[in-house]
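Notes follow once the structure below has been shown.
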Amino acid sequence: MNATPFNYSLTESREETPSQTVVRPDPGVLPRAVQRSDAFLLLDGEWAFAHDLDDRGLTDNWYLGHTYERTAHWPGSVESHLTEAKEMPSPGWQDTVVVWYEREFTLPEFPDELADRSIYQLTFGACGYDTRVWLNGLPLRTIEDEAIHYGEYTSFSYELSTEQLRPVNRLTVRVADSMDAEIPRGKQESHVYKRGGIWYQTYTGAVRSVWIETVGRNRLRSRVGVVSVIEDQLVRVNVTPRIHDPGDYIIRLQVFGPDAPADEPPMASSDFPIRLEAGQKQQRLVIEVPGAELWSPGSPTLYRLVGQLIDSSGYVNQIETHFGLRKVEARGCCVYLNGKSTYLDGILYQPGTATFEEMQRHFAAMKELGCNLVRVHIAGIDPRLYTLADQMGLLLWVEVPSPHSSTARSRENHRAELLRMLALMETHPSIIIWSLYNEDWGAQDIATNIETRQYITDLYHYMLIHHPQFLVIDNDGWHHISCEGRLKSDLLTAHLYTPDINHWRDLLDRLTRGDTEGVAAFPLVVGDPFFYRTQVPLVVSEWGGFGFVNYGGPTDTDDRVERIRLFKEELRQRAIAGDVYTQATNIEEEQNGLIEFHTGELMVPAGLLRSHNR
């Protein structure tokens, strides 16, 4: 099987073997924003595979040994693996699906100088929704002490003890998913929303890479948050020490300039003596970076942040990431970036089954269209895309993949998914907006149930306190929550779909006058009365969709282009802070894209969505 192997020196190569080739590890291979210099073994490739149609694998102890008659390529979706095995029910699994994966790997030995300081860590870039893992027949628990990992959009890890490991090891993974409407699904079909129209086939399972790496017994985890307050030149950094040997440590932060050579001294450095107990905890640190340039779409300046955990003997364990300094605010009728009013020329993006390479082409095409904002629509994507947006200067609006029903359990799952995403996405200056919900999906009773509104209100307040670097939207599109006349959203957003230019003008006029009834499909505000009076920015966060049968409008390319230009001009003639066109590419029945899905070529003229006076 192909693997990116260990190379402890990071400079020398070992003799090549048929099963693994030793090369210098390329951090860009791994789907994460925070990198470490430790060596890793990439376990992508062919795995043994079985569809557990009757869910007997646990009862029959498949993790102790099972004959697999199929193979499947990891990463890949359950749906594609079942199709390849000719076991995909038509029109697809409708309740619960359970599959098993297994492979062997050879574990190199630690060099003597690392043996007492390092351990092996197994990481899944994303897998789910319900994942259980065994090593050589023994069950593993995540670092968070989960026997079962729930979630399918973010990474999770296991520490491997020497007692569990052998020269040749067998890794077994059981993945289960269902049509359960109470788990975060985004726009994947469920028992509530069936496939068709704007609802898509499920795409779940082993969807991102899996790897084993050497990590320090005592280290900083690959979870770093950066909050910049540009007025005081301070960068607030959240780090997570993981400690097996309690004692006195130093956490050292170093900031290096853009494109700084490896031998160049840091532009800022600070040490933080700290006593750490066994386990892990988040710690806020602050470092001053005088004279730093700000990050913006026109000047996406990134700095390299190095975090080191130094023990009492002077041994150093290191991680690094990139960050940018920027400040986003919602004031009056405008969104301000670094103190400057910035109109959001956005586009809705649903990556679907796109590969990382296809998503790269999509991002380049969206920028060519004239967009400065991409709204990643209730989906989890490869974390490398956030880094790409940082580098390209694309603003991002991200969303929690929603459940499809409103219950106490769905809210618990929703909050857990949000916290998992935040822990891994806080370093990116490109991410400026978070949506908690979209169009009531998973909050269908928002207008009538005070418990639902209170949950969203509490979550909004949590975000303001703990993640002040983002603008937060309670429920995008309509039914924003008002409590005592205070909107629990930083933006007042509306989804407006009409192919008629005169109706479009009327909707925009009523929206900017502050009408909250009869503008969108449902009232814009629920709860207490809310008086707009330009106190928050207005954003038309979905419009157009021309070509999709449900939205109307022309399918002829020339007519579509002219209609988009006319509608865009009307938006810019009013006190509106931004807009998001629906959408970037075609996906299943939604044939309203402006970019060819596979090639990334524009199907409309470049610059079509760019505001002339941006």
### Task
Compute the accessible area per residue over the chain, keeping the other protein chains in place, probe 1.4 Å, unit Å².
39
### Query
Going by alpha carbons, how many degrees (0 to 90, nearest 10) lie between the helix axis of 408-425 and the longest principal axis of the chain?
70
### Query
In whole percent, how big is the carbon plus sulfur part of the accessible area of the stretch 447-517, probe 1.4 Å, protein atoms only?
48
### Message
Within the stretch 293-366, what whole-number % of the accessible surface is contributed by carbon and sulfur, with the 1.4 Å probe and all protein chains included in the calculation?
### Response
49
### Query
Using helices alone, what [θ] at 222 nm do you get for the chain, with -39,500 (n - 2.57) per DSSP H run of 4 or more residues, divided over all residues and rounded to the nearest 500?
-5000 deg cm²/dmol
### Task
Using a 1.4 Å probe over the heavy atoms of the protein chains, calculate the carbon and sulfur portion of the accessible area of the stretch 170-239 as a whole percent.
47
#### Entry: THR555/HIS461 FRET efficiency (R0 41 Å; Cβ-Cβ; nearest 0.05)
0.35
### Message
Roughly how far apart, in whole Å, are the Cα centres of the stretch 469-547 and the stretch 231-273?
### Response
42
### Task
Mind giving me the FRET efficiency for PHE272 and ARG70? R0 is 56 Å, r the Cβ-Cβ distance, nearest 0.05 is fine.
0.60
### Cβ-based net charge around GLU46, under 14 Å, with every Lys or Arg adding one and every Asp or Glu removing one
-3
## Note on the structure
Taking Lys and Arg as +1 and Asp and Glu as -1, residues besides THR599 with C-beta under 10 Å from its C-beta add up to -2
## Note on the structure
Length gained if SER312 through TYR336 is fully extended, taking 0.36 nm per residue and subtracting the Cα-Cα distance, is 4.1 nm
### Query
Considering only Cα-Cα distances, which of the following residue pairs are longer than 31 Å: LYS187/LYS281; LYS86/LYS187; LYS194/LYS367; LYS281/LYS367?
LYS187/LYS281; LYS194/LYS367; LYS281/LYS367
### Message
Please give the Cα centre distance for the stretch 587-610 versus the stretch 145-213, rounded to the nearest Å.
### Response
30
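The values are calculated or read from the model by the stated rules, or taken from the named source; none is laboratory data. What you are looking at is a predicted structure, and each value in this text was computed from that prediction instead of being measured. Here the Cβ is made from the backbone with ideal geometry for all residues, glycine too, and neighbour counts use every protein chain on show. Ligands, DNA and RNA are excluded from the accessible area calculation, which covers all protein heavy atoms including side chains. Shrake-Rupley method; radii C 1.70, N 1.55, O 1.52, S 1.80 Å.
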